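Following: one structure in structure tokens, then a few remarks.
The values are calculated or read from the model by the stated rules, or taken from the named source; none is laboratory data. Nothing here was measured: the structure is a model prediction, and the numbers come from that model. Every residue, glycine as well, gets a Cβ built from its backbone with ideal geometry; the counts of neighbours run over all protein chains shown.
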Amino acid sequence: MRKYLLPVVVGLSWVLAGLACALPLAAAPAATKAPEVTPPAATLPPPDALPSQPPITPIHTPDLTATHPASDATATPDLAGMRVFVFLIALEDGGKSGPAVGCGDSVVPVAVMLPRTEGVLRAALEKLLSMKDQFLGESGLYNALYQSDLRVDGVRIEDGKAVIELSGTLQQGGECDSPRIQAQLEQTALQFSTVKSTAIFINGKPLEDVLSLRGE
């Protein structure tokens, strides 16, 4: 029996092998590329639709920190008025804070604000004479004119000389106040570049004579 089956099995094997060669191989599915997605283009509003920023206006900040006298007779302009200087006394500092005067003192500029005016020298003197405190706040600066009752009758400048006419009562606190008073008045006038020298009168008499009591 085996003798007859063996040829049949071999024949079937050759038939199956032939069929396998004749059948086409199934092709693997081709990979598909994902479609490219193009993002929508950003749309900007037309230039006319964009909000416009208001123009920037420069702001002028007034400088109130200067420690030097104004350079001319127009003083230093400021939004609130004009800045000038009055002069007070630093007592017994040996001339360290300013020009030496009196009994080892200094005469020191102090900035003040005044309304705008053409008569800036007169305004500065009137401001000085209106100060009735003996000392300026906590600064320790002394005002030798605080006891006096003086007013400005006239101010004029002749060839660089400021002629200042005062009237009223001059009160001194001691012999050291004489050079202090003179320095305060003179330096308040000399801060302006148009003033080179001063001639100060009280009740028609030269300041030097009144301070030395020769005017009485």
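When only residues in the stretch 71-89 that are of a type in the set (Gly, Ala, Ser) and surrounded by fewer than 21 Cβ atoms within 10 Å (Cβ to Cβ) count, which is modelled with the lowest pLDDT? Break it down stepwise before answering.
Within the stretch 71-89, the subset of a type in the set (Gly, Ala, Ser) is 71, 73, 75, 80-81.
Checking which are surrounded by fewer than 21 Cβ atoms within 10 Å (Cβ to Cβ) leaves us with 71, 73, 80-81.
Values: Ser71: 38, Ala73: 49, Ala80: 65, Gly81: 90.
Ranking the qualifying residues of the stretch 71-89, first place goes to Ser71.
Okay, residues lined up against (1) exposed (fewer than 14 other Cβ atoms within 10 Å of the Cβ); (2) under 29 Å from the mean Cα position of the chain (by Cα):
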{"residue": "Ala100", "(1), (2)": "no, no"}
{"residue": "Glu126", "(1), (2)": "no, yes"}
{"residue": "Leu145", "(1), (2)": "no, no"}
{"residue": "Gly204", "(1), (2)": "yes, no"}
